[in-house]
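We did not get these values from a lab; they are worked out from the coordinates using the rules stated. This is a predicted model, so every value here is computed, not measured. Virtual Cβ from ideal backbone geometry, glycine too; neighbours counted across all protein chains shown.
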Amino acid sequence: MGNFTRYLIRRITAVLVMIFLVMSLNFFIIHAAPGDPVTIMTGLENPSKEIIETLKKKYGLDKPLVVQYIKYFSNLLKGNLGYSYVYDQPTWHLIRERIFPTLVLTLTGSVVAFILGIYLAIWVSHLRQRFGETIVSTVNYILYATPSFWLALILILIFSSKLKILPTSGMYDLRASYHGFRKFLDLLRHLILPAGTLALIQLPIFYRVTRTSIIQSEKEEYVTTLTAIGVSKEKLFKKYVLKNAILPTVTIFGITLGFSITGAVLVEIVFAWPGMGRLMFDAIFRRDYQLLLGIYFLMAVLISIAMIITDILIAILDPRIRIT
Amino acid sequence: MDEVLVIENLTVVYTKNGKRIKAVDRVDLKVNQGDMIGIVGESGSGKSTLAHAVMGLLPSNGFIAEGKIRLLGYEITRLNDDEMRKIRWKEFSMVFQKSMNALSPVHKIGEQMKEAVIVHEPEIGETEVESRMKKVLDMVNLPHRVLKSYPHELSGGMMQRVMIALALINNPKFVIFDEATTALDVVTQGQILDEIKNLVERLSLTGMVITHDIGVVAEICNKIAVMYAGRIVEEGPKEKILYDPLHPYTKALISSHPELAEGGGRMRGIPGNLPDLSKEIKGCVFAERCPHAEKICFDDRPGFVKISGRKVACFKIKEVEE
C-alpha cells in the first residue's frame with residue numbers, strides 16, 4: 001500500500017496548489033467586480049464619509065489589495081475562513097450548517113441521475129426496435145436543453161400546486177418537529193422535487209455516455225471471442241460488456257459532481273433549500289467578499305475530494321489504470 | 001479417410017449500403033482427418049469469411065446464401081445460434097486474428113478462459129478447470145501466472161499464445177487458425193509459427209490455417225487451397241502447389257514471395273486489383289489480371305480439372321503448363 005499512500009500525498013499536494021490558484025483567481029476577480037460591500041451596506045442615499053471610513057477600516061478594506069490578499073491567505077492557512085461583513089459573523093459559522101443540505105441534495109441528484117442514466121441505457125440496448133431508442137433520445141435531448149430553474153418551477157406546479165402531494169420548499173416541515181426516522185422520512189419527502197430536478201437535468205449526460213459506450217463495447221473483439229467460446233448473450237452483457245461500458249460513465253460522474261455542486265445553486269434558491277446556494281447568491285449581490293471566498297473555497301475542496309475519489313474508483317474498476 | 005469438414009457449393013453474401021457482395025462464391029472443400037489445410041489468398045479473397053462461416057460466426061450483415069457446411073457430422077448451416085453455441089468450442093474452435101483485443105481488458109485472463117470450459121461442462125469441478133487451463137498454458141509455453149494477469153499485462157506474442165491455449169482448452173477435433181501470426185513482429189511470428197507447428201504435429205490437429213502469407217502455410221500445412229475473389233482456384237497437396245503451381249494466380253502469388261520465388265529470389269508483383277465483388281462475374285475471377293486470358297475466360301466460369309495430383313480451375317491449363 002506504499003504506492004497508494006505516495007499517490008494520495010501527490011494528489012493532495014496537487015490539489016492544494018490548485019486550490020491556492022483557484023482562490024487567488026477568485027480573490028482578484030471578486031475585487032475587480034464593480035461595487036464594494038461598504039457602499040452596499042450603507043445604502044444608496046449619500047452615506048457620510050465617516051461611516052464609510054470606519055467600516056472600511058473595521059474590515060481592513062482600506063488597505064491595498066495585495067495586503068488584503070496576503071492577509072486573507074495567512075488567515076486561511078490558520079484555518080480562518082474570514083469574516084462576513086453583511087452577517088457580522090465568522091464565515092465558517094455561516095457555511096458550516098449549510099454544507100450538509102447542499103451535499104445531500106447534490107449527491108442524491110447525481111447518484112440518482114447516474115443510476116437511472118445507466119439503467120435507461122441498458123434498457124434501450126435491449127430494445128428490439130429502433131423506435132424506442134428514438135423516443136428516449138428525443139426526450140433526452142429536450143431534458144438536456146431544459147434550464148434547471150424552469151423544470152423546478154414546473155415540477156412544483158404539478159406536484160405541489162395541482163396534485164398537492166409534495167412540499168413546495170424547505171428541507172423539513174417547520175410546523176412539525178419530527179425526530180429520528182420520522183425526521184428522515186420528512187427529509188426524503190422534501191428532497192424528492194429538488195433532487196428530482198437535479199437528477200433529470202443530469203440524466204441525459206449519463207444516459208448518452210453509457211449508451212455510446214455500450215454500443216462501442218459491443219463492437220469490441222472480445223465480444224466475438226466470448227460469444228465464440230459459448231458465453232450466453234445475457235452473461236456476456238452483464239458480466240463483460242457492462243463492466244467495460246461503465247468506465248467512462250464513472251469518469252463523467254466524477255467530473256460532473258463538481259459542476260453539480262455549484263450548479264445546484266439555482267435549484268436551491270427555487271426550492272428554498274437551506275444549502276449554500278442562497279448564501280452564495282446573496283453574497284454575490286452584497287459583495288460579501290470573504291463569505292463568497294469561503295464558499296468558493298469549500299466548493300473547491302469538495303470538488304477536489306470528489307475527483308480524487310473518482311480516480312481511486314476508476315483505478316479499482318479498471319486494471320489498466322494503476323495508482324502509482 | 002474420415003471427412004471432418006465438407007463444404008459444398010458455399011456462397012456467403014454480405015450486404016452493405018444496399019449492395020450484395022459475394023465474399024465466398026460457390027466453394028467446395030473437404031478436410032480429412034489429420035489434414036491441416038492452408039487457405040491462402042490476398043486480403044478480400046474471402047478466406048476469413050470462409051472460416052467464420054464454418055464457425056457460424058458471420059457478422060450480422062453476412063449470411064450463407066447457398067450451400068452446405070458439414071463439420072464433424074453437424075450441419076452447420078442448419079443450426080441456429082443457440083445450437084451453434086453449444087457445440088462451438090466443445091467440438092471445434094478457432095484462433096482469432098487480432099489477439100491483443102480478443103479478451104476483455106478488465107477481466108483476468110483465467111476468468112475468461114474458465115468460461116470456455118464451464119459453459120460446455122457445467123458440472124466440472126473448480127480444480128479440474130484449473131488443471132486443464134494450466135495444461136494448455138504449458139502446451140504454449142506460458143507461465144501459470146498468466147491466469148491471474150490482465151490482457152494488457154502481456155505482450156502480443158504472449159496474448160497470441162493465450163488465444164492458442166484457449167482454442168485448445170477443450171481438446172477440439174477441428175481448429176481454425178485465422179491469421180494467427182499476422183499481427184506479430186517477425187521474430188515472434190517465427191516463434192509462434194514453430195509452436196503451432198509442434199502442436200499440430202504433437203496433437204495431430206485437424207483444421208484450417210487462414211493466411212495471406214504462403215510461407216506460414218509452407219510451415220504448418222500438408223494441403224493448400226488458393227483462394228481468389230471468393231473462389232478456390234487451385235487446391236492440392238502442399239508440395240504440388242508450392243513447387244509446381246499451375247493456376248496463373250497461384251504462380252503469381254508464389255513468385256511474389258521472397259523465399260519461394262524462382263530466379264534468385266526476384267519477386268514479382270501482380271498487376272491490377274481484385275474485381276468488384278458486388279457485380280456478377282461471369283467468367284474466371286482472375287481473367288482481368290491473367291496474362292493467359294482469352295475470350296472464354298471472360299465468358300464462362302472454369303470448372304475444376306484434376307491434373308497432376310491437384311485440382312485447378314482454369315481453361316488454359318494446358319498452355320499455362322507449358
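When region A:98-279 is described by a simple charge dipole with +1 on each Lys and Arg Cβ and -1 on each Asp and Glu Cβ, the residue from A:Val139, A:Phe159, A:Thr108 located farthest towards its positive end is A:Phe159. Taking other Cβ atoms within 10 Å as a rough exposure proxy, A:Arg322, B:Arg161, A:Arg98 sort from fewest to most as A:Arg322, A:Arg98, B:Arg161. Panel order for B:Val27, A:Val67, by other beta carbons found within 10 Å of each beta carbon, from fewest to most: A:Val67, B:Val27.
Within chain A, the proportion of Cα pairs with more than 28 Å between them is 55 percent. Tell me, how many Å apart are the Cα centres for region B:70-126 and for region A:46-68? Region B:70-126 and region A:46-68 have Cα centres separated by 79 Å. Net charge dipole, the protein assembly as shown: roughly 1740 debye, given to the nearest 20, about the Cα centre with Cβ charges of +1 for Lys and Arg and -1 for Asp and Glu. Inter-chain Cβ neighbour count for A:228-238, averaged per residue, equals 6 (cutoff 10 Å, partner chain atoms only). Working from the alpha-carbon coordinates of region A:1-130, get Rg over Rh, Rh being the Kirkwood radius. Taking Rh as the inverse mean 1/r over Cα pairs, Rg/Rh reads 1.18. Could you run the Debye sum over the Cα atoms of region B:33-134, one equal point scatterer each and no solvent, and tell me log10 of I(q)/I(0) at q = 0.17, 0.22, 0.23 Å⁻¹, two decimals? Each listed q corresponds, in turn, to -1.02, -1.35, -1.38.
Shielding by partners for peptide B:96-102, expressed as the average number of C-beta atoms from other protein chains within 10 Å of each residue's C-beta, is 4.
The local environment of B:Lys134, defined by Cβ-Cβ distances under 15 Å, has a net charge of +2 under the rule Lys, Arg +1 and Asp, Glu -1.
Axis angle, to the nearest 10 degrees, between helix B:186-202 and the longest C-alpha principal axis of chain B: 80 degrees. Under the convention that each Lys and Arg Cβ holds +1 and each Asp and Glu Cβ holds -1, the size of the dipole of region A:109-195 around its Cα centre is about 220 debye.
For region A:18-41 and region A:218-284, what is the centre-to-centre distance using only Cα atoms, to the nearest Å? One Cα centre to the other: 33 Å. Legend: residue pairs A:Lys219/A:Lys243; B:Lys68/B:Lys306; B:Lys47/B:Lys197; B:Lys30/B:Lys311; B:Lys98/B:Lys223; B:Lys240/B:Lys295, Cα-Cα distance threshold 19 Å; pairs beyond threshold, B:Lys68/B:Lys306; B:Lys47/B:Lys197; B:Lys98/B:Lys223; B:Lys240/B:Lys295. In this structure, A:Lys49 and A:Phe28 have a Cβ-Cβ separation that, at R0 = 30 Å, corresponds to a calculated FRET efficiency of about 0.65. Normalised by the empirical 2.2 N^0.38 Å for globular proteins, what value does the Cα Rg of region B:3-229 take? With N residues counted in region B:3-229, Rg over 2.2 N^0.38 Å equals 1.00.
Other residues with beta-carbon under 15 Å from the beta-carbon of A:Pro64 carry, at +1 per Lys or Arg and -1 per Asp or Glu, a net charge of +2. Compared with the rule-of-thumb size 2.2 N^0.38 Å for a compact globular protein, the protein assembly as shown has a Cα radius of gyration ratio of 1.38. Farthest toward the dipole's positive end in the protein assembly as shown, which of B:Pro271, A:Ser304, A:Leu188, given Cβ charges of +1 (Lys, Arg) and -1 (Asp, Glu) about the Cα centre? The listed residue farthest towards the positive side: A:Leu188.
Computed from Cα atoms, the angle from the helix B:109-118 axis to the main principal axis of chain B rounds to 80 degrees.
Dividing the helix sum by the residues of chain B, where each DSSP H run of 4 or more adds -39500 (n - 2.57), gives a mean residue ellipticity at 222 nm of -9000 deg cm²/dmol. Expressed as a fraction of 2.2 N^0.38 Å, the value expected for a compact globular protein of N residues, the C-alpha radius of gyration of region A:98-279 is 1.21. Taking label points 7 Å from Cα along the Cα-to-Cβ direction, A:Ile192 and A:Leu266 give a separation of 2.5 nm. Taking the Cβ-Cβ separation of B:Ile118 and A:Arg10 as r and a Förster radius of 30 Å, what is the calculated FRET efficiency to the nearest 0.05? With a Förster radius of 30 Å, E is 0.10. Averaging Cα coordinates gives a centre for region B:34-50 and one for region A:128-173; these two points are 57 Å apart. Rounded to the nearest 20 debye, the dipole magnitude of region B:3-229 is 360 debye, with +1 charges on Lys and Arg beta carbons, -1 on Asp and Glu beta carbons, and the Cα centre as origin. Per-peptide packing, taken as the mean over residues of other Cβ atoms within 10 Å, places B:14-20, A:148-154, B:210-216 in the sequence B:210-216, A:148-154, B:14-20 from highest down. Ordering B:His52, B:Met159, B:Val186 by the projection of their Cα atoms onto the charge dipole of the protein assembly as shown, which places +1 on the Cβ of Lys and Arg and -1 on the Cβ of Asp and Glu, puts B:Met159 at the extreme positive end. Using Cα atoms only, what is the angle between the long axis of helix A:130-145 and the major principal axis of chain A, expressed in degrees (0 to 90) to the nearest 10? Relative to chain A, helix A:130-145 is tipped by roughly 10 degrees. Counting, for every residue in B:56-62, the Cβ atoms of other protein chains within 10 Å of its Cβ and taking the mean gives 1. The calculated FRET efficiency for B:Asp194 paired with B:His292, based on their beta-carbon distance and R0 = 35 Å, is about 0.40. Sorting B:His52, A:His126 from the fewest to the most surrounding beta carbons within 10 angstrom yields A:His126, B:His52. A Cα-only calculation for region A:208-324 places Rg and Dmax at 20.6, 67 Å.
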